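Q: Quick one: the structure is below, and I'll ask about it shortly.
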Amino acid sequence: MRNKNEYRIQDTPEYIMVKRITDEENRKNIIEALKSFAILLTAFFISIWLFTNFLLNIETIIDWWNNFQIEIFLIDIIIWLKKIIS
């Protein structure tokens, strides 16, 4: 059985303070790592979604490119911008 008067370093105020600070820093680091992982995961799924949409619409894109006329395209952009501005 342990003696109650036995000196333990874990009971010192300095040790407790350092442990709290370290725990808080570890918690902050874990939260930052989780945020970064969530952003990476989101970017990965968005890139997969964009790639699959590109593959699904590649025939339409090729048809549009073959029939592309710069004048009509520019007029459409001007009309679209006027709709947004007004």
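Q: Show the residue pairs meeting these rules: Cβ distance below 6 Å; 6+ apart or different chains; first residue within the stretch 9-37 and surrounded by 10 or more Cβ atoms within 10 Å (Cβ to Cβ); second residue assigned to a helix (DSSP H, G or I).
A: Within 6 Å, the pairs are Tyr15/Ile9.
Q: For the stretch 4-60: of the residues being of a type in the set (Ser, Thr, Tyr) and modelled with pLDDT under 90, which is farthest from the chain's Cα centre (by Cα)?
A: From the stretch 4-60, those of a type in the set (Ser, Thr, Tyr) are 7, 12, 15, 22, 36, 42, 47, 52, 60; that's our starting set.
Among the residues that remain, those that are also modelled with pLDDT under 90 are: 7, 12, 15, 22, 60.
Numbers: Tyr7: 49, Thr12: 42, Tyr15: 37, Thr22: 26, Thr60: 31 Å.
Here the answer is Tyr7.
Q: From (1) open to solvent by 100 Å² or more (accessible area, probe 1.4 Å); (2) part of a loop (DSSP other than H, G, I, E, B); (3) not hydroxyl-bearing (Ser, Thr, Tyr), pick out the condition that doesn't hold for Phe68.
A: (1)
Q: Separate question: List the pairs whose first member sits in the stretch 61-86 and is hydrophobic (A, V, I, L, M, F, W, C), whose second member is at pLDDT 90 or above, and whose Cβ atoms are under 7 Å apart, counting only residues at least 6 apart or on separate chains?
A: Short answer, once both residue conditions are applied: none.
The values are calculated or read from the model by the stated rules, or taken from the named source; none is laboratory data. Small disclaimer: the values here were computed from a predicted structure and weren't measured. Every residue, glycine as well, gets a Cβ built from its backbone with ideal geometry; the counts of neighbours run over all protein chains shown. With ligands, DNA and RNA removed, areas are computed over all heavy atoms of the protein, side chains included. Shrake-Rupley method; radii C 1.70, N 1.55, O 1.52, S 1.80 Å.
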